[in-house]
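**Student:** Mind having a look at this structure? Questions to follow.
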Amino acid sequence: MVLYQDIAKAVTMVIKEAFPNVPIYGDEVQEGYKTPSFFVGIMPVSSVNHTKSIKEEQLLITVSYFSNTTESLKNYRVMQELKSAFGQVLGVDNRKFTIQETNTEKVGEDGDIYQFTFDINYYELASSESD
């Protein structure tokens, strides 16, 4: 079973290797952070039971970049480096998840917040426990 916290750790490690001097926070941090910084979020999108024992999971991974500059070219470079760092595969423990589509968008009104997002889909054995 793949745990969300293991996926979050794997995402954080990719960012940390690409940007070793930039702090990385979770979604729970609302204030007191330094810029530039990254925020990592994981949102379960869907869970589909294919059989009694196999289910398909889809997660949305969001990496928000809070820049310390409004210079678009510098921020675009960071987004390109982030995209390159993730590549096409996210390794989580002994599993590999294919990153099929990525999206980047500017979300801050002041031009200093960008988001890099991607979905991962994977199959797991369904829990044998009854609810």
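The values are calculated or read from the model by the stated rules, or taken from the named source; none is laboratory data. Everything numeric in this text was worked out from a predicted model, so none of it was measured. All Cβ positions, glycine included, derive from the backbone under ideal geometry; neighbour counts span all protein chains shown. Calculation scope for accessible area: heavy atoms of the full protein, side chains included, ligands and nucleic acids excluded. Shrake-Rupley method; radii C 1.70, N 1.55, O 1.52, S 1.80 Å.
**Student:** Here's a check for you: in the stretch 72-108, which residue that is among the small types (Gly, Ala, Ser) and part of a loop (DSSP other than H, G, I, E, B) is farthest from residue 36 (Cα to Cα)?
**Tutor:** This residue is 87.
**Student:** Scan the stretch 119-128 and give yes if some residue there is over 20 Å from residue 19 (Cβ atoms), open to solvent by less than 60 Å² (accessible area, probe 1.4 Å) and outside any strand (DSSP E or B), otherwise no.
**Tutor:** Scanning the stretch 119-128, I find at least one residue that is over 20 Å from residue 19 (Cβ atoms), open to solvent by less than 60 Å² (accessible area, probe 1.4 Å) and outside any strand (DSSP E or B), so the answer is yes.
**Student:** Looking at (1) assigned to a loop (DSSP other than H, G, I, E, B); (2) surrounded by 13 or more Cβ atoms within 10 Å (Cβ to Cβ); (3) touching a strand residue (DSSP E or B) at 6+ places or on another chain (Cβ under 7 Å), which one does residue 69 not meet, given that it meets all the others?
**Tutor:** Looking at each condition in turn, residue 69 falls short on (3).
**Student:** Still on this structure: If I filter the stretch 1-17 down to residues being open to solvent by 40 Å² or more (accessible area, probe 1.4 Å) and more than 13 Å from residue 42 (Cβ to Cβ), which single residue comes out as modelled with the lowest pLDDT?
**Tutor:** 1
**Student:** Please go through (1) over 28 Å from residue 2 (Cα atoms); (2) open to solvent by 70 Å² or more (accessible area, probe 1.4 Å) for residue 98 and return the number of the only condition it doesn't satisfy.
**Tutor:** (1)
**Student:** Follow-up. Hey, could you check the stretch 22-53 for residues that are of a type in the set (Val, Ile, Thr), assigned to a loop (DSSP other than H, G, I, E, B) and more than 16 Å from residue 68 (Cβ to Cβ) and say which is most open to solvent (accessible area, probe 1.4 Å)?
**Tutor:** The initial filter retains those residues of the stretch 22-53 that are of a type in the set (Val, Ile, Thr), namely 22, 24, 29, 35, 40, 42, 45, 48, 51.
From what is left, the residues that are assigned to a loop (DSSP other than H, G, I, E, B) are 22, 29, 35, 51.
Adding the requirement that they be more than 16 Å from residue 68 (Cβ to Cβ) leaves 29, 51.
Values: 29: 44, 51: 73 Å².
Here the residue is 51.
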